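The values are calculated or read from the model by the stated rules, or taken from the named source; none is laboratory data. Quantities reported herein were computed from a predicted structural model and do not represent experimental measurements. Counting neighbours? That spans all protein chains shown, and the Cβs are built from the backbone with ideal geometry, glycine included.
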Amino acid sequence: MKKVITYGTFDLIHHGHINILRRAKAMGDYLIVALSTDEFDAGKGKEAYYSYGERKLILEAIKYVDEVIPETCWEQKVDDVVKHGVSVFVIGEDWKGKFDFLTPYCEVIYLPRTEGISTTQIKNDLKK
Ligand code: C2G
């Protein structure tokens, strides 16, 4: 079984998230999403609208997602890849180059983001 992993906050799920989840899953047979905890988000300077539990529940309902694990720190990726036997790491190209340290352990793929949508934009648009 070819396992794929991706990381993120996935707050206010939108089609940009669905696009990358669909494309990540298509690279293997099993997709793990390492979901940023509320505490880790705070470290990223983010405050998600939905709590970790709510974001996890929503992700688990998406047909491309096979497993959701917590992302609690920046340093867990190598352990995650090794422990879960992951073959492919996928993330948006806004992170291009940032995770090349994983190449000894798995394939590293940066995918184009979906233009015109972001959680921040949704929040700002709703304030108008
Ligand atoms: N994304 C996308 N297109 C968008 C918005 C997001 O492809 N319009 C992708 C991002 O590139 C990322 C994933 O969706 O791969 C999740 O995005 P975020 O929830 O914003 O995650 P981020 O804050 O980038 O967290 O350790 C890595 C971090 O946890 C990544």
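Before moving on, here are some points about what is shown:
- Those residues of the range 100-118 which are touching a helix residue (DSSP H, G or I) at 6+ places or on another chain (Cβ under 7 Å) and closer than 18 Å to V82 by Cβ, in sequence order: L102, Y105, C106, V108
- Answer residue from the range 71-107, given it is assigned to a helix (DSSP H, G or I) and in contact with an Asp or Glu (Cβ under 9 Å, 6 or more places away or on another chain) and is surrounded by the most Cβ atoms within 10 Å (Cβ to Cβ) among those: K77
- Taken as a whole, the structure leaves I58 outside the set of residues that are under 22 Å from T114 (Cα atoms), more than 8 Å from the ligand (Cβ to nearest atom), crowded, with 19+ Cβ neighbours inside 10 Å and at pLDDT 95 or above.
- Residue tally, condition surrounded by 15 or more Cβ atoms within 10 Å (Cβ to Cβ) and outside any helix (DSSP H, G or I), over the range 36-55: 4
- Scan of the range 108-118 for residues that are of a type outside the set (F, W, Y), without any contact (Cβ under 8 Å) to a residue 24 or more places away in the chain and surrounded by 15 or more Cβ atoms within 10 Å (Cβ to Cβ), ordered by number: V108
- Residue match in the range 78-90 (condition: within 17 Å of A34 (Cα to Cα), within 11 Å of the ligand (Cβ to nearest atom) and either at pLDDT below 95 or over 14 Å from the mean Cα position of the chain (by Cα) (or both)): no
- Residues in the range 1-26 that are assigned to a loop (DSSP other than H, G, I, E, B) and among the aliphatic types (A, V, I, L, M): M1, L12, I13, A26.
- Residue that is surrounded by the fewest Cβ atoms within 10 Å (Cβ to Cβ) [pool: residues in the range 119-128 that are near the ligand (Cβ under 9 Å from one of its atoms) and without any contact (Cβ under 8 Å) to a residue 60 or more places away in the chain]: T120
- Qualifying residue in the range 22-35 (condition: of a type outside the set (F, W, Y), farther than 17 Å from V88 by Cα and without any contact (Cβ under 8 Å) to a residue 40 or more places away in the chain): no
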